[in-house]
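Worksheet for the structure shown next.
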Amino acid sequence: MNLIEKIENFEILPLMERANNITLKEHGRNISLERAIFLSWWCDKGDCAFCYMSTQKPNIKDPRSARRKVNSILAEAELCRRMDWNIEFLSGGYGSFTTPEIRDIAWNIYQITEKPVWLNVGITQELEEYGEEIAGITGAVEVANPQLQREICPSKPLNEIVEMLETAGDLGFKKAITIILGLGETPSDLEYLFELISKVGIDRVTFYSLNPHEGTPFQNQAQPPSLYYAGVVAATRIKFPKLEIVCGTWVDNLANIGPLVLSGATGITKFPLFKMFGTRYGKRVEEEVHWAGRKLQGTFTDFDKLLKGPSPRKELEPFIKRYIDKCLNNKSLND
Ligand code: SF4
């Protein structure tokens, strides 16, 4: 039986066990906390069927008003540095910032964290403008089955994403893709995913589970079952032992974390950081990783690290203070 047949026949536990052994051998015990930093709440495309932005586009009259203040973005990067979170990527809808502006933000983050940044800013032909401040380029594939991908993301042609990633590789950048589970794919669609990873030489996959947003066609759809999610991740790990795998789970599904780590995740993501930090939800993330027998790099609870300052840039202080106050406030509400 191949990996896909094993998922179809509900043989998830043996897959997880195999995947776990491979992960420990190839990646060790560390699990990273990954934070996608958003640049804007605007997207020129605004037509991916599952996306929150697709519900917002008609309400935003001036796209520039949906852009975040750059100092607020940099303050978030400084807090990630303090808490030892990785910045998963800078993420923004199409048309929210120009390439020179994105490069400038990435360069400033690179100075703050001393780590080059990944980008997830849509299909672009302007990769040559980036340099040492960029670690890699992410293609937001979302669905690996080409026909389903066309239906769900009509303005993000798969062939153009692949071309961009190939150019990224030629320029020396790493390559990543994002995949959302629960958009109507089947286990057999993993064939498409595996082919894409091999053909393009993908270094990192981020899996998400569907978050059914109100106002989208998926609003009443259930999120994918935890063992299906685990099976997909485990099969991907077995097929690609060296691949970085990041798994996103929502705050209403924190119990997914342990099984996803045992299935091959090397990083976890998609948490509302400032709402969860220091609360029982943050503690739960740490406990999930602990009980999977892993060591969490970074903290969700250590206020000493969060408060450690001042930042090297005075102009960021008011923004940092605002985020810290939010964390302290949420903590007291949850105490
Ligand atoms: S391109 Fe990205 S941000 Fe824009 S609608 Fe699609 S998923 Fe949402």
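The values are calculated or read from the model by the stated rules, or taken from the named source; none is laboratory data. Please read these numbers as outputs of a predicted model, since none were measured by experiment. When we count neighbours, we look across all protein chains shown, and the Cβ atoms used for this are built from the backbone with ideal geometry, even at glycine.
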* Consider A36 carefully, then state whether it is in contact with a Cys (Cβ under 8 Å, 6 or more places away or on another chain), touching a residue at least 24 places away in the same chain (Cβ under 8 Å) and within 16 Å of the ligand (Cβ to nearest atom). => no
* Return the only residue of R204, R237 being at negative phi, among the basic types (K, R) and in contact with an Asp or Glu (Cβ under 6 Å, 6 or more places away or on another chain). => R204
* In region 160-193, how many residues are in contact with an Asp or Glu (Cβ under 9 Å, 6 or more places away or on another chain) and among the charged types (D, E, K, R)? -> 2
* Taking region 106-145 as the region of interest, how many residues are closer than 24 Å to Y52 by Cα and more than 16 Å from the ligand (Cβ to nearest atom)? -> 1
* Asked: Among helices (runs of 4 or more DSSP H) lying entirely in region 137-224, which contain 2 or more residues that are under 28 Å from I31 (Cβ atoms)?
  -> 158-170, 190-200
* Structure fact -> For region 238-262 the number of residues that are within 17 Å of the chain's Cα centre (by Cα), under 16 Å from G293 (Cβ atoms) and not β-branched (V, I, T) is 1
* Asked: Where residues in region 45-88 are farther than 24 Å from G309 by Cα and touching a strand residue (DSSP E or B) at 6+ places or on another chain (Cβ under 8 Å), which of them is nearest to the ligand (Cβ to nearest atom)?
  -> C48
* **Residues within region 291-308 that are more than 21 Å from the chain's Cα centre (by Cα), free of Cβ contacts under 8 Å to residues at least 60 places away in the same chain and surrounded by 14 or more Cβ atoms within 10 Å (Cβ to Cβ), tallied** => 1
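Condition check: modelled with pLDDT of 95 or more, outside any loop (DSSP other than H, G, I, E, B) and surrounded by 22 or more Cβ atoms within 10 Å (Cβ to Cβ). Does L90 satisfy that?
On the way: modelled with pLDDT of 95 or more: yes; outside any loop (DSSP other than H, G, I, E, B): yes; surrounded by 22 or more Cβ atoms within 10 Å (Cβ to Cβ): yes.
Criteria met by L90.
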